[in-house]
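Written below as structure tokens is the structure these notes are about.
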Amino acid sequence: MVLFRDPNGRRMVTTSVRRVLTTSDDAVLYVETENSVYRLSIRSSQPAAAIAG
């Protein structure tokens with residue numbers, strides 16, 4: 001599962017992650033779950049730690 005905040009500040013929890021895709025832009029990730037694909041933009045200057053679960 002992935003936990004993140006949407007642009008409105010709401011916390012989001014996804015279903016199980018199938019794969020994570022990257023692009024040439026290091027600040028963008030695509031996360032494919034059982035039900036959806038999310039485009040995540042990383043805006044922090046410090047990377048967050050990833051936690052596998």
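Some observations on this one:
Yes/no per residue for (1) exposed (fewer than 11 other Cβ atoms within 10 Å of the Cβ); (2) among the small types (Gly, Ala, Ser); (3) free of Cβ contacts under 8 Å to residues at least 12 places away in the same chain:
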{"site": "Phe4", "(1), (2), (3)": "no, no, no"}
{"site": "Pro7", "(1), (2), (3)": "yes, no, yes"}
{"site": "Thr14", "(1), (2), (3)": "no, no, no"}
{"site": "Arg19", "(1), (2), (3)": "yes, no, no"}
{"site": "Thr23", "(1), (2), (3)": "yes, no, yes"}
{"site": "Val31", "(1), (2), (3)": "no, no, no"}
{"site": "Glu34", "(1), (2), (3)": "yes, no, no"}
{"site": "Val37", "(1), (2), (3)": "no, no, yes"}
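Every residue, every condition in (1) assigned to a strand (DSSP E or B); (2) at pLDDT below 80, yes or no:
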site	(1), (2)
Leu21	yes, no
Leu29	yes, no
Asn35	no, no
Pro47	no, yes
Ala50	no, yes
Gly53	no, yes
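The values are calculated or read from the model by the stated rules, or taken from the named source; none is laboratory data. Just so you know, these numbers come straight off a predicted model, no measurement behind them. Here the Cβ is made from the backbone with ideal geometry for all residues, glycine too, and neighbour counts use every protein chain on show.
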